[in-house]
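What follows is a set of notes on a single structure, which appears directly below.
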Amino acid sequence: MKTLKFPTAQTILIIIAGLVAILTWFVPSGTYDTLAYDKVENTFIKKNSDKSTTLPATQETLNSLDIKIPVEKFTNGDIWKPIGIPNTYKQVEAKPQGIIAFIKSPIKGIIEGADIIFLVLIIGGLIGIINYTNAFDAGISWLAKTLKGYEYVLIILVTTLIAIGGTTFGLAEETIAFYPILIPIFLAAKYDAMVPLACIYIGSSIGSMCSTTNPFSAIIASDAAGINWTTGITGRFIMLGLGTLICILYIIRYAQRVKKDPTKSIIYDQKEEIEQHFGSTTNDSIKLTTRLRFILIIFISCFIVMIYGVSQLEWWFLEMTVVFLIGAIAIGIVGRIKEHTFVDVFIKGAGELLGVAIIIGIARGITIIMNDGQISDTLLYYASNATDGMNKGVFINAMLYIYGGLSFFIPSSSGMAVLTMPIMSPLADGVGIGREMIVNAYQYGMGLFAFINPTGLILASLAIVKVGYNKWLKFVIPLVIILTVFTMLVLTISVYL
């Protein structure tokens, strides 16, 4: 009998989509009324399951709806998504999702996720082009010689820089681009592929978990909670520093063990397969010529421009995709690649990441099933009621786990913030703690679960690295336990200070 293999990322997500569809037959459908700001008409639009109502965009309107948020948060654009209105939950006609909805969900997800999917495919084409020029091989050879004996510096630099990106502007989906670049470098340094995967994904996760100036979590959640986003920021900076240090030490400990004895690698049985796919040895015959240096500069510049655009110019997937497409064309020109060859190589490179694109679409389809079945608000309603009568220490830790659980169904940080903060943040008033503690519980709960959340980015990331979800869990679960205990301790101490 052949040994059973752990299912692929696509199969795992299809199974989850099926389970969520079944869930819509048992969980009552329900909704909260929502409030959105219309900047053209300078009015509020209140929506419920039956109708929409136009209301004056004034503080009095917000007070009458029991929304403790300054009206300026809406009018100046800090809150740009519809928010949930407290105490408006009601059950509606059930909308169970059947077999047809289940079958359609991946296709709907691919259509809805077209922006990030095209970004992934264009990045794949860019990687194919730069690999064709041999600039990567030459650069890796140079870097391996430069860092000889100090390879651990790679771990510290990559994890720290990506964590900074996560905490400042929400670097997450964009990290998909980094895996094909960094994996060959880490393999050349005699680490396994789990190390660069951990540096990139864990760096992004811990940074996003401890967001400080991230507009998609810390700022929008604070605004939706009715507080200034700087409230509680000192504690988040401390949490960021200590959490990142824990993660780096954990990764280095594993990396050094693998470097000393490759058989200690969790993915040792895939060593040859991964090294053949990404390349693992330095090619001393390829010299880093002026032309190849220029190609690498163009390549690195794409990421610098992307980061600047996202953090400073309010760019999103369309603009990022254009940057990488232009970068690929520029490299093709500098590398003197013939037009027919360029197209063939680009398409082949894009094809390498097609599986990742499909994973993103299937994951998005799960959210569509929940939205169409109208069970997300019901889960939020029961979660908010579950904390009644708790003391502040138990309450804040319960909120941590509630947000971790909700993030399975609502993996979007901004979506979670605007949906839940107007409902959850007033609960802090009842137990005598600051609303910034709810913002912290939201960030830390979502962040901790993001390390393993199959409806988030992890399965797409694993597909690029060719690592199974079961092996990732084996690697990361001890770290998640350490961080969870640490986070609970920090939250408990914080509410009693």
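Every number here is computed from the coordinates shown, using simple stated rules; none is lab data. The model shown is predicted, which means the values in this text are computed figures rather than measured ones. Cβ atoms come from the backbone with ideal geometry, glycine included; neighbour counts cover every protein chain shown.
Annotations
- Centroid-to-centroid separation of segment 192-263 and segment 416-491 [C-alpha atoms, Å]: 11 Å
- ³J(HN,Hα) computed for each position of segment 455-464 - Karplus, 6.51 cos²θ - 1.76 cosθ + 1.60, integer Hz, glycine/proline x: 8, x, 9, 5, 5, 5, 5, 5, 5, 5
- Here the 3J(HN,Hα) profile of segment 223-239, calculated from phi with Karplus coefficients 6.51, -1.76 and 1.60 at θ = phi - 60°, is 4, 5, 8, x, 10, 6, 5, 7, 5, x, 5, 4, x, 5, 5, 5, 4 Hz, Gly and Pro shown as x.
- Amide proton proximity set for Thr43, modelled H, under 5 Å, gap of 5+: Asp38
- For the pair segment 365-402 and segment 18-71, the centres of their Cα atoms are 17 angstrom apart.
- Estimated [θ] at 222 nm from DSSP helical runs (n ≥ 4, -39500 (n - 2.57)) normalised by residues in the chain, nearest 500: -21500 deg cm²/dmol
- Put a plus charge on the Cβ of each Lys and Arg, a minus charge on the Cβ of each Asp and Glu, and nothing anywhere else: the dipole of segment 108-497 about its Cα centre is then about 1160 debye.
- Which of Met399, Met488 has the fewest Cβ neighbours within 10 Å, and the rest in rising order: Met488, Met399
- Applying a threshold of 29 Å to the alpha-carbon distances of Lys51/Lys392; Lys104/Lys474; Lys68/Lys95; Lys39/Lys104; Lys145/Lys271 flags Lys51/Lys392; Lys104/Lys474; Lys68/Lys95; Lys39/Lys104 as lying beyond it.
- Altogether, the Stokes-Einstein calculation at 4 °C and 1.567 mPa s, with the Kirkwood radius of segment 190-243 over Cα pairs as Rh, returns a diffusion coefficient of 105 µm²/s.
- Surrounding net charge for Ile79, when Lys and Arg each add one and Asp and Glu each subtract one, Cβ distance under 12 Å: 0
- Kirkwood-type hydrodynamic radius, segment 422-483: 13.6 Å, calculated from all non-identical alpha-carbon pairs.
- Distance (nanometres) between label positions extended 7 Å along Cα→Cβ at Ile329 and Asn42: 4.3 nm
- Residues Asp137, Asp66, sorted so that the one with the fewest Cβ neighbours within 10 Å comes first: Asp66, Asp137
- Identified option (computed Cα extents along the principal axes in Å; candidates (i) 62, 52, 43; (ii) 73, 54, 48; (iii) 88, 58, 43): (ii)
- Amide hydrogen neighbours beyond the local backbone of Trp315, cut-off 5 Å, H modeled: Val310
- Between the helical axis of 9-23 and the longest alpha-carbon principal axis of the chain there is an angle of about 10 degrees.
- Exposure proxy for Thr133, Thr213: other Cβ atoms within 10 Å of each Cβ, ordered fewest to most, give Thr213, Thr133.
- Across the chain, the longest run free of exposed loop sites, meaning trypsin sites (Lys or Arg not before Pro) lying outside DSSP classes H, G, I, E and B with no more than 10 other Cβ atoms within 10 Å, spans 149-335.
- Applying the Karplus relation 6.51 cos²θ - 1.76 cosθ + 1.60 with θ = phi - 60° to segment 121-126 yields 3J(HN,Hα) values of 5, 5, 4, x, x, 4 Hz, where x marks Gly and Pro.
- Scanning residues 5 or more positions from Ile452 or on other chains, none has an amide H under 5 Å from its amide H, with H placed 1.01 Å from N in the peptide plane.
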